[in-house]
């Protein structure tokens, strides 16, 4: 024991030396920008060096909380988060279970399911803009087969715009599927065999063994999908632009608008709110899914 | 030995990291008149986020500037050949490369490049609020007056009020084309025949004469054609023209002025009853396409659109449309929208001297009498202080639509800047366009729409 700790002490400098490049990288590209964002969120800042920032206290946050577009954004993010958990993650989990069962052609289906991931979100938003176009969009043309008089500008009408934005992501749960599928494939076969010997039905094995054992990956999926909703930008900016009015506003759009207005303090206050929302999501999901407890 | 190797590897990693983070370029001379703390663009090629694939020839100063007058943009018809003419004239000395940027993204791109210390050598305009609150007060520009002093052949061309507007503490920020190009209205003479000239008709008269004809409106991008229509309605209201004119310097943030509310009411009527079918969500290309495919009979736009009605733009026409059908006139109420207090071409102070000289050479080239004549022939307008020759006048008279536009303006024409020039940048784009669908579907009345604009202006104020 004494020899081990001596060895550990002797190696300690090497540990730091090996960690140094990573620590420097982290400090330069993550830690310092985050500190800068937090600091400047309390200032009037035009982006020309921290020495030019003028301390304002909580004024940016007060202003933000009094903005109608901020309140609408928070409501939208809350609704999208609920939909992400209820529809997006659930759909991803169901698809993972279908792939896990190994239905004929599942490898092809998995590859096809992956396609949206390799298309940039900006291109994907543009595709949806065409799909939902009133005049020549695929969706309205299908609807007009049954209702020739149908007219709806999905991205520019209330409340259709909210749902049109939602449709750009809600059924593309590839990441969730892949993470859950990885967990499913890692379940020891003897565990499932033992359950079969004990007389467990396929449904009981799914509900009482597989799903609980996928707790971590499902929790991870929830964190990823909810935080993606908080930071969602391209799908809105390239389609409805937050409209009509402020109906599909999001914090990321407020942030970009503040940058366009050279109001970096307000933009960074928005970023701080987004950061806090992301951390809160992680803490809550960690607690709810008991991410720190072992599943086995 | 092993330990020494490990230390060396770690040190190399750190050095490479430090090297990657550094953007000093020993080959770049320091800026003249700029802020020493600002990052320089490197080498002989200032790539505004872009660059060239091939190294420049020895001695040639090559600059790359992002611009939106490219591709299908209507301004590309004149601008790109002009760049070619410049490159041909200064072959072996200067070379301009154009990096293509969508018009809608140009302002954001420029703002980001300048913010990152990667400003291109030459910029045309930018968001007015940003220019007035950041670029000009921070002195982030070359003083063009020193360049202009060395160019007596063009020095007298510029409008004094524009020079005054662009001057700060004796320094000249930017130069705009010394050409006044009032925004006008184009209509399809085969589809719509007004009882009188538009100078003698009010918008109410036009609305009553429209019948089933549609106007090419848009709500996407900066809602350009819709905004111009609204601008002309405001300018025709009592006190409206003054309101817009004053707004160029002192932005309108309270939209409850009767001129705006009344104009918005008329606009709502038009949008609800006479808007082209693709108005909601339409970008400029959609609005132009609506007009050039006979789906709408009128469109408000600048004289540069005339190029789209010439036979060499035939590929843009469809559904039986022909450029010969188009007539040009002032906007109803005898309104011509023009803003002489705008900002034009400027050179960021972070640009090295030799690139600034190349940028200036291009500005001087664009503002030369020959080029301005070609510019006016292609995109319309008049240059009050530029001497023109008879050949130019004859050529302009040959262009029927340009001739109509010039003759439509009379002594009683009301000149005012466009609504977008008189309101905060972020309200003009994208908030105005974002809100328009609610005016169209009636979920907001004109007064409520104006209240919303007032609220947004307060939210986005600095």
*Expressed as a whole number of Å, what is the distance separating the alpha-carbon centroids of the stretch B:315-330 and the stretch B:237-287?*
25
*Which whole-number percent of Cα pairs in the stretch A:230-277 have a distance greater than 14 Å?*
49
_Between residue B:85 and residue B:285, what is the label-point separation in nm under the 7 Å Cα-to-beta-carbon projection?_
2.7
*Residues of B:132-143, mean number of Cβ from any other protein chain within 10 Å of their own Cβ, rounded to a whole number?*
1
*Remind me, what semi-axes does the stretch B:206-280 give for its equivalent ellipsoid, largest first in whole Å, using sqrt of 5 times each Cα gyration tensor eigenvalue?*
24, 14, 9
*Measure of size requested: the Rg and Dmax of the stretch B:69-145, with Cα atoms as the atom set and Å as the unit; please supply both.*
14.2, 39
*Averaged over peptide A:253-264, how many Cβ atoms belonging to another chain are found within 10 Å of each residue's Cβ?*
5
_Which of B:274, B:257 has the fewest other C-beta atoms within 10 Å, and how do the rest follow up to the most?_
B:257, B:274
*Principal axis dimensions, largest first and in whole angstrom, of the stretch B:311-462 by Cα*: 54, 51, 38
*When you count, for each residue, the other Cβ atoms within 10 Å and take the mean per peptide, how do A:235-241, B:80-86 rank with the highest first?*
A:235-241, B:80-86
_How big is the stretch B:151-211 along each principal axis, measuring the range of its Cα positions in Å and listing the largest first?_
54, 23, 16
_For the stretch A:158-220, compute the orientation-averaged projected area of the C-alpha convex hull (one quarter of its surface), in nm²._
5.5
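In what sequence, highest mean first, do B:208-218, A:261-271, B:292-302, A:48-58 appear when ranked by Cβ atoms within 10 angstrom? Don't skip to the answer; put the middle values down first.
Working: B:208-218: 19.6, A:261-271: 25.5, B:292-302: 23.4, A:48-58: 12.1.
In decreasing order of mean packing, B:208-218, A:261-271, B:292-302, A:48-58 become A:261-271, B:292-302, B:208-218, A:48-58.
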*Over the whole of A:237-247, what's the average partner chain Cβ count within 10 Å per residue? Rounded to a whole number, please.*
6
_Given R₀ = 56 Å, what would the calculated FRET efficiency be for residue B:256 paired with residue A:20, taking r from the Cβ atoms and rounding to 0.05?_
0.35
*asked:* If you fit an axis through the alpha-carbon atoms of helix B:103-115 and take the longest principal axis of the Cα set of chain B, what angle between them do you get, 0 to 90°, nearest 10?
replied: 30
*Over the C-alpha atoms of the protein assembly as shown, what are the Rg and the largest Cα-to-Cα span, Dmax, in Å?*
30.2, 104
*Taking other Cβ within 10 Å of each residue's Cβ, how do B:375, A:296 sort, fewest first?*
A:296, B:375
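Before anything else, pin down the relative contact order of chain B: Cα pairs under 8 Å, at least 6 apart, normalised by residue count, whole percent.
That works out to 24 percent.
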*Taking only the alpha carbons of chain A, what extent do you get along each of the three principal axes, in Å, biggest first?*
71, 63, 29
*What number, rounded to the nearest 500 deg cm²/dmol, is the helix-based mean residue ellipticity at 222 nm of chain B, given -39500 (n - 2.57) per DSSP H run of at least four residues and division by all its residues?*
-12000 deg cm²/dmol
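We did not get these values from a lab; they are worked out from the coordinates using the rules stated. Just so you know, these numbers come straight off a predicted model, no measurement behind them. Cβ atoms come from the backbone with ideal geometry, glycine included; neighbour counts cover every protein chain shown.
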